[in-house]
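The values are calculated or read from the model by the stated rules, or taken from the named source; none is laboratory data. All values derive from a computational prediction rather than experimental measurement. Cβ coordinates were reconstructed from backbone atoms using ideal geometry, including for glycine residues, and neighbour counts include every protein chain displayed.
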Amino acid sequence: MEKKIVVSSLGPAEAMKEIVKKLFVFKGRSRRSEYWWGMSLTYVILGVFSATFPLGPTASPFFPLYVLGGIFLWKCILLPMGVRRLHDTGRSGGWAFFDFTLMLVYLLLLGFEEVKFLQNADSVAGMAAVRVMGNTLLKYVWLHVLCCIVQLVLIVLMCFDSQKGENKYGKSPKYIEVEA
């Protein structure tokens, strides 16, 4: 018998079903379409979230902490999807964990700086507050640049096509072998 490879297609509805089904699954493989539809959904949710809640320090004294927490939650949701996408291209999910850890360190450092700033907010006002926050961000600019570089590398890796057949992470969800 001859084996024939069939390329299955995944539309937005099917991709969303797969994403929800595998929200906390790190094993296996995910197709490009599943990953990018998931990314699109998270960006839509972030857009709705940012449009719905009042922005700026006047909205809440802890507004930056809310933003940092939201970014962390967003990264937690994307982590398993990114790991499976990397598995599909034959790469280790460690890239996604490295990105997650780097972003976590960055967010924690900024969060601690924000808490220190809020504790001293009575003594710092107006343009002095802007200068203090600007200096804080400059202190960690190297970490921000590193996060951006890792993100760009990950985007490139996520764009590669699925490995045909089976790899050490499982069978290909895209290239399905059938008996002809």
Check: Can you name every residue in the range 123-173 that is at pLDDT 80 or above and among the small types (Gly, Ala, Ser)?
Finding: 162, 165, 170, 172
Checklist line | Filter result for residue 13 (touching a Gly at 6+ places or on another chain (Cβ under 9 Å), modelled with pLDDT of 75 or more and either closer than 18 Å to residue 163 by Cα or not charged (D, E, K, R) (or both)) | finding: no
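This table checks each residue for (1) in a loop (DSSP other than H, G, I, E, B); (2) touching an Asp or Glu at 6+ places or on another chain (Cβ under 8 Å); (3) modelled with pLDDT of 75 or more; (4) surrounded by 13 or more Cβ atoms within 10 Å (Cβ to Cβ).
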{"residue": "27", "(1), (2), (3), (4)": "yes, no, yes, no"}
{"residue": "34", "(1), (2), (3), (4)": "no, yes, yes, yes"}
{"residue": "39", "(1), (2), (3), (4)": "no, no, yes, yes"}
{"residue": "47", "(1), (2), (3), (4)": "no, no, yes, no"}
{"residue": "56", "(1), (2), (3), (4)": "yes, no, no, no"}
{"residue": "72", "(1), (2), (3), (4)": "no, no, yes, yes"}
{"residue": "79", "(1), (2), (3), (4)": "no, no, yes, yes"}
{"residue": "95", "(1), (2), (3), (4)": "no, no, yes, yes"}
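I'm trying to understand the selection: among the residues of the range 69-96, which are touching a residue at least 60 places away in the same chain (Cβ under 8 Å) and within 9 Å of the chain's Cα centre (by Cα)?
At the first step, the residues of the range 69-96 found to be touching a residue at least 60 places away in the same chain (Cβ under 8 Å) are 81-82, 84-91, 93, 95.
If the condition is that a residue be touching a residue at least 60 places away in the same chain (Cβ under 8 Å) and within 9 Å of the chain's Cα centre (by Cα), then 81, 82 are the ones that fit.
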